[in-house]
Every structure is written in structure tokens, then in C-alpha cells.
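*Asks:* Pasting in a structure now, in C-alpha cells, and then I'll have a few things to ask.
The values are calculated or read from the model by the stated rules, or taken from the named source; none is laboratory data. Remember, predicted model here, so these are calculated numbers, not experimental data. A quick note on method: Cβ atoms are made from the backbone with ideal geometry, for glycine too, and the neighbour counts reach across all protein chains shown.
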Amino acid sequence: MWVFGYGSLIWRPGFAFVEQRRARVLGWARRLNQGSDDHRGVPGALGRVVTLVRDAKTTCTGMAYRLDDAFADEILAALDVRERNGYARQALELHDEGPAPFATGITWVADETNPNYLGDAAIDAIARQVARAVGPSGTNREYVLELARTLRVLGEDDAHVFEVERALIAVEEARATT
């Protein structure tokens, strides 16, 4: 059993695993399209967190974690709670550098059918929302900056996340000068 992380699961899986490796999912893009009222925001003041959106031309890189079979059901149940706010389990083929998948993994995807799905927005609007959002798991700013930092460590060039990061820093700098 493999779990694929593409957001906070990359840097903070929060569960025991037998093996960890870089993995890619084909035909999916990482986007800050999901509203968070349980981790990086609150009801009425949503934060923005990543989900996967279908994009035939894109590959999303993250981390795959192989679970110990003895604990897999318990770990998946805990992740269902962690990813409860609009996310649903989805099985995806996991790739490394080769053309064939090395495994099928479980991940959580939030789509436009859930009430907190925010969809696309202008990068500046996303950055302003992120700059002011805070929830039980911390600031939305911290989430975006840590995701960007971790993607750089992986050598992943995620234009969307990096554009939001740059716009977020610009929003903060503008606030500091006023």
C-alpha cells in the first residue's frame, strides 16, 4: 500500500512508513484551489490549500510512502480525518523516472463538487487570501512558504506555487511599507 503526498504530506506526513520515495502522477497539476476552514483557515475566513486538478499536459511531483500492511488501515483512517474537508480518496498510478508506473497509490483530491472548493483565481487574489488566513494548524502563509521550500529541495519547478509565493511576499512587503 502506497500513499502519495503532494501538499503538506510532503514535509509532514505524520505517520510511520516503510519506504519513502519521490513520485510523479501524470495528467494532474497541483493548485491552491481548495478552501480550508479546518487547518489553514476558519469558517468565514478560508485559507487556500492545494488539491490536484486534471491537466493532461502536466505532471505533479510529490512523495510516495509505502505503508506497513499491519498498520495501513489505521493510517488511511487517520488520513481520511486529516483530509476530511472536501477531499476524497483517489487511486493514482505512481511513476518514478521510468515510463511505467511503479505502483498505485492512494491520495486525496478535492474537486469542484465540495462546498469549500474555491477554484482558480488571480495569483494576486490568492496571495492576499493566503496572507490573512490562519487556522488551527497555523498560518496559510506558513503552508505556502513551506510547500515552496520543499518543492525546491525536491528540484521541482511548480510555477503555480512559486508564483503564489512571490505574490505573497510582495503583499507582505507592501503591508510593511504602509
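*Asks:* Criterion first (among the β-branched types (Val, Ile, Thr), in contact with a strand residue (DSSP E or B) (Cβ under 6 Å, 6 or more places away or on another chain), under 12 Å from VAL109 (Cβ atoms) and in a strand (DSSP E or B)) does THR51 satisfy it?
*Replies:* Considered against the rule, which asks whether it is among the β-branched types (Val, Ile, Thr), in contact with a strand residue (DSSP E or B) (Cβ under 6 Å, 6 or more places away or on another chain), under 12 Å from VAL109 (Cβ atoms) and in a strand (DSSP E or B), THR51 comes out as yes.
*Asks:* Give the number of residues within segment 14-48 that are over 23 Å from ASP111 (Cβ atoms) and not in a strand (DSSP E or B). If you could, list the steps in order and put the result at the bottom.
*Replies:* In the first step, residues of segment 14-48 are kept if they are over 23 Å from ASP111 (Cβ atoms); the result is 14-22.
Within this subset, residues satisfying the condition of being not in a strand (DSSP E or B) are 14-18.
Total meeting the criteria: 5.
*Asks:* Shifting gears a bit: Please go through (1) surrounded by 15 or more Cβ atoms within 10 Å (Cβ to Cβ); (2) more than 20 Å from ASP38 (Cβ to Cβ); (3) among the β-branched types (Val, Ile, Thr) for VAL109 and return the number of the only condition it doesn't satisfy.
*Replies:* Result: VAL109 passes all but (2).
*Asks:* Within the bounds of segment 94-115, is there any residue that is among the charged types (D, E, K, R) and touching a strand residue (DSSP E or B) at 6+ places or on another chain (Cβ under 6 Å)?
*Replies:* No, segment 94-115 contains no residue that is among the charged types (D, E, K, R) and touching a strand residue (DSSP E or B) at 6+ places or on another chain (Cβ under 6 Å).
*Asks:* Continuing with this model, one more query. Which of the residues belonging to segment 1-13 are crowded, with 20+ Cβ neighbours inside 10 Å and not in a strand (DSSP E or B)?
*Replies:* TYR6, GLY7, SER8, LEU9, ILE10
*Asks:* Taking TYR143, is it hydroxyl-bearing (Ser, Thr, Tyr) and under 17 Å from ASP158 (Cβ atoms)?
*Replies:* The answer is yes for TYR143.
*Asks:* Suppose we filter ALA91, ALA77, ALA103, ALA70 for residues that are out of contact with any helix residue (DSSP H, G or I) (no Cβ under 6 Å at 6 or more places or on another chain), aliphatic (A, V, I, L, M) and surrounded by 14 or more Cβ atoms within 10 Å (Cβ to Cβ); which single one remains?
*Replies:* ALA103
*Asks:* With respect to ASN140, determine if the residue is surrounded by 18 or more Cβ atoms within 10 Å (Cβ to Cβ) and at pLDDT below 95. So that I can check it myself, show each step before the final result.
*Replies:* Numbers: surrounded by 18 or more Cβ atoms within 10 Å (Cβ to Cβ): yes; at pLDDT below 95: no.
Criteria not met by ASN140.
*Asks:* Turning to a different aspect of this structure: Filtering segment 136-178 down to residues that are β-branched (Val, Ile, Thr) and touching a residue at least 40 places away in the same chain (Cβ under 8 Å), which residue is farthest from VAL50 (Cα to Cα)?
*Replies:* Among residues in segment 136-178 that are β-branched (Val, Ile, Thr) and touching a residue at least 40 places away in the same chain (Cβ under 8 Å), the one farthest from VAL50 (Cα to Cα) is VAL171.
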